Amino acid sequence: MTFSRTIFSINCMLLTACFISLCSCSSTDQEMADDSTTYVEDACSVTRYHEICVHSLASFSNTAKRDPSKWARAGVSVTITQAKLVSQYLANLQSRNTTRGRNRVALSDCIELFQDTLDFLHGSLDVLRNFTGQDFNSQMEDVISWLSSALTDEDTCLEGFGGHAGWKMKRNHLLQNEVLNSTYMTSNALALVNKLATSGPQQPLKDP
């Protein structure tokens with residue numbers, strides 16, 4: 001009986017320890033999740049399109065945390081991805097050879113504008129990955145100028161199709177949505193860079 005009671009007591013102690021450990025892990029996981037949400041919410045508080053910012057940058061929370069330089073790079077990085085999607089979408093439309101007249105001209109102009117946009121975005125990301133404290137202010141001015149130019153190019157692309165007749169409404173809406181998403185993300189990236197410019201230089205790491 002004594003031996004059985006000892007075994008029972010040991011089992012109870014082990015079960016209690018496991019339960020405490022599981023509760024502790026669950027609590028830690030919840031705290032980490034809360035921290036991640038706080039990081040991205042805080043970073044996106046300066047952006048105009050807050051929901052898009054949170055959705056597109058949530059995965060960077062654990063690495064960027066409260067580092068303005070990492071959030072700025074993340075913002076430009078996801079914008080490059082979106083701009084590439086738009087560029088591919090436009091190229092596919094052109095390859096189908098279904099546009100005519102002014103719409104064809106607008107499409108051609110839009111493709112060229114998004115190539116310029118991608119150049120501006122890649123140049124910005126390169127600076128954000130390699131900026132120095134000594135040249136910080138001038139480098140941030142360059143990035144802000146490039147992102148502003150990218151935003152202007154995207155708006156110009158969108159306006160090119162705005163008043164054209166004969167463009168199928170469904171296709172027009174798809175195009176508008178793709179380009180608008182890109183403009184929203186570029187705007188958010190610009191806001192994050194402005195926050196970095198205000199915060200001052202920090203030694204950048206190579207991610208994201």
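Provide the net charge surrounding residue 182, with neighbours chosen by a C-beta distance below 11 Å and charges set as Lys +1, Arg +1, Asp -1, Glu -1. Overall, the nearby charge balance is -3. Among 154, 41, 51, the order by Cβ neighbours within 10 angstrom, fewest to most, reads 51, 41, 154.
For the residues 114, 161, what sequence is obtained by ranking on other C-beta atoms within 10 Å, fewest first?
Details: 114 24, 161 20.
Fewest-to-most ranking of 114, 161: 161, 114.
Based only on other Cβ atoms within 10 Å, what is the fewest-to-most ordering of 73, 66?
Fewest-to-most Cβ neighbours within 10 Å comes out as 66, 73.
Between region 174-191 and region 94-127, the alpha-carbon centres lie 14 Å apart.
Need one number for region 28-124: average projected area of the convex hull over its C-alpha atoms, nm².
On the way: hull surface 31.3 nm².
Spelled out: convex hull of the Cα atoms, projected over all directions, averaged, 7.8 nm².
In plain terms, the chain from residue 109 to residue 156 could stretch by 16.0 nm, reckoned as 0.36 nm per residue minus the Cα-Cα distance. Put simply, the Cα atoms of region 71-189 extend 54, 21, 19 Å along their principal axes, the longest span coming first.
Quick note: the coordinates plus some simple rules give every number you see, no bench work behind them. Remember, it's a predicted structure, so these values are computed and weren't measured experimentally. Every residue, glycine as well, gets a Cβ built from its backbone with ideal geometry; the counts of neighbours run over all protein chains shown.
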